[in-house]
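Since the structure comes first, as structure tokens, the remarks are kept for the end.
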Amino acid sequence: MKTLLKISWRNCWKSPLRTGIVIGSIIVGIWSSIFMMGFMDGMMTSRKNNVINTRLGHIQIHSPEYEYDPNILNSVKDREKVIQALENNPHVVGYTDRFVTEGVLKTAREQRGIKINGIDVEKDAATLLISEKADQGSFFGEEFKYPVAVGDKLAKELKLEIGSKVSLSLTKPDSTQTSKNFKVAAIYKSGDAAYDNYNIFVPKEAIYKVIKSDEPIVHEIIVKIDDIEKADEVKAELLKSIKSDEVLTWLEADPYSAYAEDSYGMMMFILMTVIIVALLFGILNTVIMSVLERKREIGVLRSIGMTKKKVWAMITLESLIFGLVGGPLGILTGWATTAYFGKYGFDLSSYGEAMEAYGLDTIVYFNIPVEYYFIYSFLIVIATVIGSLIPAYIATRVNPIEAIRSI
Amino acid sequence: MENVIETKNLNKVFGIGDLAIKALDDVNFHIQKGEFTALVGPSGSGKTTLLNMIGGLDEPTSGNVILDGQDISQLKKSEMTKFRQDHIGFVFQAYNLIPVLSAYENAEFIMLLQNVPAKERKERVYKLLEEVGLKGKEKNKPGEMSGGQQQRVAVVRALAAQPAYILADEPTANLDSKSTSDLLDLMYRLNQEENMTFIFATHDQRVMDRAKRIVYLEDGKIIKDEVH
Ligand SMILES: Nc1ncnc2c1ncn2[C@@H]1O[C@H](COP(=O)(O)OP(=O)(O)OP(=O)(O)O)[C@@H](O)[C@H]1O
Ligand SMILES: [Mg+2]
């Protein structure tokens with residue numbers, strides 16, 4: 001067996017260039033796919049965190065009808081109960097309740113359908129990061145009685161500046177229309193252009209004055225908990241006491257995040273499969289060539305009494321060497337690269353605008369769930385073994401008489 | 001004297017119908033221990049075919065082959081492989097050696113397959129390599145040796161495994177006359193000193209000159225069998 005290994009090993013390195021290229025491409029292939037996976041996961045995590053921290057929180061509570069009909073009347077049914085449940089839950093680190101309704105924003109020249117978010121300024125700031133995203137102005141100072149925060153892109157399109165006057169129209173609970181002039185107090189940029197273009201923020205009290213409501217109507221309660229992994233668990237606990245309202249985790253509230261999580265796993269497997277197939281063919285091609293070149297040698301070995309099994313082992317070892325040298329090196333370099341960019345981040349600031357449009361940060365911190373390394377290594381081993389079967393089979397089919405006759 | 005090789009009414013036909021070629025035609029043939037025999041005959045006369053039969057590499061169309069007392073038609077393919085390993089030594093015209101192994105490693109190869117202990121392998125290989133004049137070449141790869149030296153390593157490999165006999169199909173075909181006579185001297189000496197049985201197929205007059213017995217083949221038949 002030692003000698004077989006010696007033969008295989010030396011045969012592998014008989015043409016160092018060929019072997020170098022094959023092993024090199026295995027390493028580069030695996031490395032680059034891990035790089036891609038780390039990058040994709042980093043982007044996704046970055047987007048997810050951004051979405052959670054600025055918009056979604058970990059858990060959202062609405063009236064059951066709100067999701068299908070975000071009407072002013074479909075407010076949270078039992079706010080007292082919800083607040084009580086939140087206060088009593090040890091995992092809840094903060095929550096903010098919002099008045100949310102659709103309305104129209106008008107300037108002297110134009111008008112836009114928008115979503116009005118009436119926020120509790122203090123609680124909101126303690127729960128989400130949106131109020132920190134003000135590019136100009138702030139959420140909200142004392143200078144305006146009816147202040148509004150608009151998105152950066154909307155402000156640009158409507159030529160709004162700090163202090164610009166806009167009129168907001170909305171439907172009151174009694175189904176009559178009302179409108180009121182607000183002044184732009186902040187221009188914000190959450191990192192998600194589509195969201196920014198549609199959502200405007202006003203203090204909750206201001207909106208209550210506009211609709212002349214004494215009761216605190218809220219449509220959305222956004223909750224932050226201490227551990228994102230516990231979202232489902234906390235939801236279940238909350239549902240024990242919250243009966244008349246709907247509780248959603250961030251994943252349920254944002255279909256895109258759920259889709260991204262799913263498709264990420266899918267993409268990883270496609271990527272791994274592509275690389276593995278390439279690796280398989282690389283090994284196959286090289287070892288089959290090597291076997292065909294050595295038909296006479298193999299014929300002689302069979303004649304002098306080398307069994308098929310040993311020939312099989314000799315060629316299998318040769319294939320395994322490619323996979324088992326290239327594979328771990330690829331995984332290792334990939335892992336090291338991912339660890340490095342996981343710690344120091346991968347700077348994409350030159351693509352900043354495009355990134356922000358998708359709700360992404362310009363510095364991507366690579367991340368790959370550990371199990372992917374195991375899955376990948378496992379797949380590489382499988383592919384290498386499969387890749388070794390065919391050349392080994394060809395080698396055992398060598399007919400000694402024919403091989404010798406061609407000498 | 002015991003027969004190490006015996007064929008009975010041996011026939012070998014290649015192909016079928018009109019295209020059939022009778023490569024061996026009712027060959028009855030014996031080789032005894034310690035013989036030094038040359039198989040000669042024109043090209044296509046069946047020398048290689050006969051060697052393949054008595055080397056257990058090919059199966060006869062009809063007839064029997066008894067090698068070292070064993071009727072090989074009784075053996076399964078895998079048993080036949082093992083039988084060759086233990087009983088038959090081979091020296092081919094070329095490509096005998098594993099290019100990536102040294103002379104020493106090539107020489108001990110069959111013994112490795114036979115699981116001969118390391119110490120014994122080493123003793124036999126060193127002794128034989130010295131005997132064939134390859135002392136100091138143990139670490140050389142085949143590519144670093146002349147054709148004659150490579151053939152001598154092949155003889156050492158065959159011999160070290162202690163076979164019942166050694167078959168050599170045109171072992172000198174690729175050698176110059178000096179290497180040819182060196183190789184023949186060597187085999188002749190091994191035949192004399194160790195009583196090793198050698199059977200060659202050859203076209204080479206120099207080989208025939210050294211043979212103790214010459215078997216002439218034509219169209220698959222033995223037409224003459226003479227002892228010198
Ligand atoms: N595998 C095969 N298929 C068909 N015909 C074969 C096969 N092997 C040998 N033959 C035929 O059998 C006959 C004997 O061939 P063999 O190789 O034994 O001759 P030889 O005496 O060794 O010739 P040479 O001196 O050229 O080596 C030839 O006619 C050859 O063409
Ligand atoms: Mg021949």
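List of remarks:
- Taking label positions 7 Å along the Cα-Cβ direction at both B:Asn195 and B:Glu218, the computed distance is 3.7 nm, reported to one decimal.
- 3J(HN,Hα) couplings calculated from phi for segment A:207-221 with the Karplus curve 6.51 cos²θ - 1.76 cosθ + 1.60 (θ = phi - 60°) are, in sequence order, 5, 4, 5, 4, 8, 6, 10, 8, 6, x, 7, 10, 10, 8, 10 Hz; Gly and Pro show x.
- Size of electric dipole in chain A: Cβ of Lys, Arg +1 and of Asp, Glu -1, about Cα centre, debye, nearest 20: 2720 debye
- Distant-in-sequence amide H partners of B:Ala201 (H built 1.01 Å from N, under 5 Å): B:Leu39, B:Ala168, B:Asp169, B:Glu170
- Distant-in-sequence amide H partners of A:Ile114 (H built 1.01 Å from N, under 5 Å): A:Gly103, A:Val104, A:Leu105
- Per residue, in Å², the accessible surface of the protein assembly as shown once ligands and nucleic acids are set aside, probe 1.4 Å: 46 Å²
- By the Kirkwood approach, averaging reciprocal distances over each pair of separate Cα atoms, segment B:73-223 gets a hydrodynamic radius of 16.0 Å.
- Mean separation of Cα pairs under 8 Å and 6 or more residues apart, divided by the residue count, gives segment A:64-244 a relative contact order of 32 percent.
- Distance in nm between pseudo-label sites at A:Gln84 and B:Asp209 (7 Å out along the Cβ direction from Cα): 12.0 nm
- Rounded to the nearest 500, the helix-only mean residue ellipticity at 222 nm of chain A stands at -18000 deg cm²/dmol, with each DSSP H run of n ≥ 4 adding -39,500 (n - 2.57).
- Calculated P(r) tail over 15 Å for segment B:149-197, as whole % of Cα pairs: 41 percent
- Only Lys, Arg, Asp and Glu carry charge here, each on its Cβ (+1 for the first two, -1 for the last two); on that basis segment A:50-107 has a dipole of about 200 debye about its Cα centre.
- Counting only protein heavy atoms and a probe of 1.4 Å, the accessible surface of chain A is 58% carbon and sulfur.
- Expressed as a fraction of 2.2 N^0.38 Å, the C-alpha radius of gyration for the protein assembly as shown is 1.68.
- Within segment A:11-27, backbone nitrogen closer than 19 Å to the virtual label 7 Å beyond the Cα of A:Ala278 toward Cβ: A:18-27
- Cβ-Cβ FRET estimate between B:Asp18 and B:Glu59, R0 fixed at 22 Å, reported to 0.05: 0.45
- Where A meets B: accessible area buried, both sides, 1.4 Å probe, Å²: 2200 Å²
- At least 40 Å² of accessible area lost relative to the chain alone, listed for segment A:305-327 with a 1.4 Å probe: A:Gly305
- Relative contact order of chain A, defined on C-alpha pairs under 8 angstrom at six or more residues apart (%): 27 percent
- Over 27 Å (Cα to Cα) - which of A:Lys2/B:Lys82; A:Lys2/B:Lys33; A:Lys189/A:Lys240 fall in this group: A:Lys2/B:Lys33; A:Lys189/A:Lys240
- D_trans [Stokes-Einstein, Kirkwood Rh over alpha-carbon pairs] for segment A:64-244, 20 °C, 1.002 mPa s, µm² s⁻¹: 125 µm²/s
- Portion, in percent, of the accessible area of segment B:132-228 that falls on carbon or sulfur, probe 1.4 Å: 43 percent
- A:Asp226 contributes an accessible area of around 90 Å² to the protein surface, as traced by a 1.4 Å probe with all chains present.
- Calculated from backbone phi, Karplus (6.51, -1.76, 1.60) coupling profile of segment A:45-54 in Hz, x at Gly/Pro: 4, 4, 5, 4, 4, 4, 5, 5, 6, 9
- Here the ratio of the Cα radius of gyration of segment A:272-407 to 2.2 N^0.38 Å is 1.56.
- FRET efficiency estimate (nearest 0.05) - Cβ-Cβ, A:Tyr195 to A:Lys308, R0 60 angstrom: 0.35
- For segment A:314-327, the Karplus equation 6.51 cos²θ - 1.76 cosθ + 1.60, evaluated at θ = phi - 60°, returns couplings of 4, 6, 4, 4, 4, 5, 4, 4, 4, x, 7, 8, x, x Hz by residue, with Gly and Pro reported as x.
- A:Leu248/A:Ser138 FRET efficiency (R0 30 Å; Cβ-Cβ; nearest 0.05): 0.50
- 32 Å Cα-Cα threshold exceeded, pairs from A:Lys204/A:Lys343; A:Lys165/A:Lys224; A:Lys295/B:Lys22: A:Lys204/A:Lys343; A:Lys165/A:Lys224
- Bridges between two residues of segment B:3-227, per DSSP, are antiparallel at a rate of about 55%.
- Point-to-point label distance, A:Arg18-A:Glu161, nm (Cα→Cβ direction, 7 Å offset): 7.4 nm
The values are calculated or read from the model by the stated rules, or taken from the named source; none is laboratory data. Owing to the predicted nature of the structure, the values given are computational and were not obtained by experimental measurement. Cβ sites come from the backbone with ideal geometry, for glycine too, and all protein chains shown count toward neighbours. Heavy atoms of the whole protein, side chains included, go into the accessibility calculation; ligands, DNA and RNA do not. Shrake-Rupley method; radii C 1.70, N 1.55, O 1.52, S 1.80 Å.
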